[in-house]
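Take a look at the structure below.
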Amino acid sequence: GLAVVIVLVLGCAAHSKSVTLAHKFKKGQVDKYRFSMDMKMHLPGLPIGPQSMTMKMSTVMKQKVLDVANDGSAVLEVSISDFKISCPQIPDAQAPKMPATSMRMTLSRDGRLLAMEGMDAMMARSQTPGLDFSQLAGQMGCYSVFPEVPIEVGQSWRNTIPMPFDCGEMNVDSTLVAAALPVGNGVASKIKQTYDAYIDFGKIMQAVASSDQVPAEAARIAASMNGGMDMVGWPVLYFSPDRGKLLKANGNMQAVMNIDMPAEAVAQGAPSKLNMKMSMDLNMARI
């Protein structure tokens, strides 16, 4: 009986353990992550081309800490390289090529994106108004936003992230599943996230149509498109509180898109509706 009581007490103590989740930065430190994605896409009713596609993609992300402020925030140089993509339905010669890119981010200890250089400049050159990936980029990759207070196992929190072009917002609900699990040679907290979003495709096309680089006729047709895409997903993160960094993550995203095509496009042979279903398995690991 005493043994049972001790086990129960220890179990309750372990369950109620709290951790402080915060990103930790050290000037000059370099971290590398490999990101991979397996995607399946189905486009029924497409008049030309394959109606189903499978794709594999991988890339390497390197993060270098350039400077650390007294409050723990840091300026990071983030580069993406070694981009590889394969799709059985697309010949290798026609596969998209992506050159190495880099940007600078200023992040707080809790993962909030304070400033961003590089991507904003690239989008500015595209002359596409309303395109701001900064909030979304802060949530993606290794930079999940954490509460500023200690979190107990089983406790949840929510972040709401505006999407580019003012086309919607993403709600991200996070729950601390475990405070300390062995991962490789270290210990990590396990965080389960679920998210959902609706993307208004009409607003995206209206913003693109207003670009000076889009021909007037194409812009007029694009601006009359309407519809959207529903997204749901669940990533699982393994974050080391002691080291203050993500060790690995995996997840899945499902998307369903329904778009009504403009009458002018239909008259030229386009389908009246464009429907798509997509599923993506995502993995990220520190290398």
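Just to verify a result, which residue in segment 34-90, among those that are outside any strand (DSSP E or B) and open to solvent by less than 40 Å² (accessible area, probe 1.4 Å), is nearest to residue 266 (Cα to Cα)?
43
If residue 104 satisfies every condition in (1) farther than 26 Å from residue 164 by Cβ; (2) modelled with pLDDT under 95; (3) surrounded by 14 or more Cβ atoms within 10 Å (Cβ to Cβ) but one, which is the exception?
(1)
Is it true that some residue in segment 205-221 is touching a strand residue (DSSP E or B) at 6+ places or on another chain (Cβ under 9 Å) and either surrounded by fewer than 17 Cβ atoms within 10 Å (Cβ to Cβ) or in a strand (DSSP E or B) (or both)?
no
If you go through segment 97-115, how many residues are out of contact with any Asp or Glu (no Cβ under 6 Å at 6 or more places or on another chain) and within 20 Å of residue 22 (Cα to Cα)?
10
Among the numbered conditions (1) under 21 Å from the mean Cα position of the chain (by Cα); (2) open to solvent by 20 Å² or more (accessible area, probe 1.4 Å); (3) over 21 Å from residue 53 (Cβ atoms), tell me where residue 264 comes up short.
For residue 264, the failing item is (1).
Within the group 255, 285, which residue is free of Cβ contacts under 8 Å to residues at least 40 places away in the same chain, over 19 Å from residue 174 (Cα atoms) and not aromatic (Phe, Trp, Tyr)?
Step by step, each of 255, 285 is checked, and only 255 is free of Cβ contacts under 8 Å to residues at least 40 places away in the same chain, over 19 Å from residue 174 (Cα atoms) and not aromatic (Phe, Trp, Tyr).
(1) under 25 Å from residue 280 (Cβ atoms); (2) open to solvent by 40 Å² or more (accessible area, probe 1.4 Å): which one isn't true of residue 229, the others all being true?
Looking at each condition in turn, residue 229 falls short on (2).
Could you please find all residues in segment 241-261 being hydrophobic (A, V, I, L, M, F, W, C) and crowded, with 16+ Cβ neighbours inside 10 Å?
Correct list: 246, 247, 249, 253, 255, 257, 259, 261.
Scanning segment 267-277 for residues that are part of a strand (DSSP E or B) and open to solvent by 30 Å² or more (accessible area, probe 1.4 Å), which turns out modelled with the highest pLDDT?
It comes out as 277.
Could you look through segment 156-202, keep only residues that are open to solvent by 40 Å² or more (accessible area, probe 1.4 Å) and touching a residue at least 60 places away in the same chain (Cβ under 8 Å), and pick out the one that is farthest from residue 18 (Cα to Cα)?
My answer is 184.
The values are calculated or read from the model by the stated rules, or taken from the named source; none is laboratory data. Here the structure is a predicted model, which is why all the values come from computation and not from measurement. Using ideal geometry, Cβ is built from the backbone for each residue, glycine included, and neighbour counts are taken over all protein chains shown. The accessibility values were calculated without ligands, DNA or RNA, using every heavy atom of the protein model including side chains. Shrake-Rupley method; radii C 1.70, N 1.55, O 1.52, S 1.80 Å.
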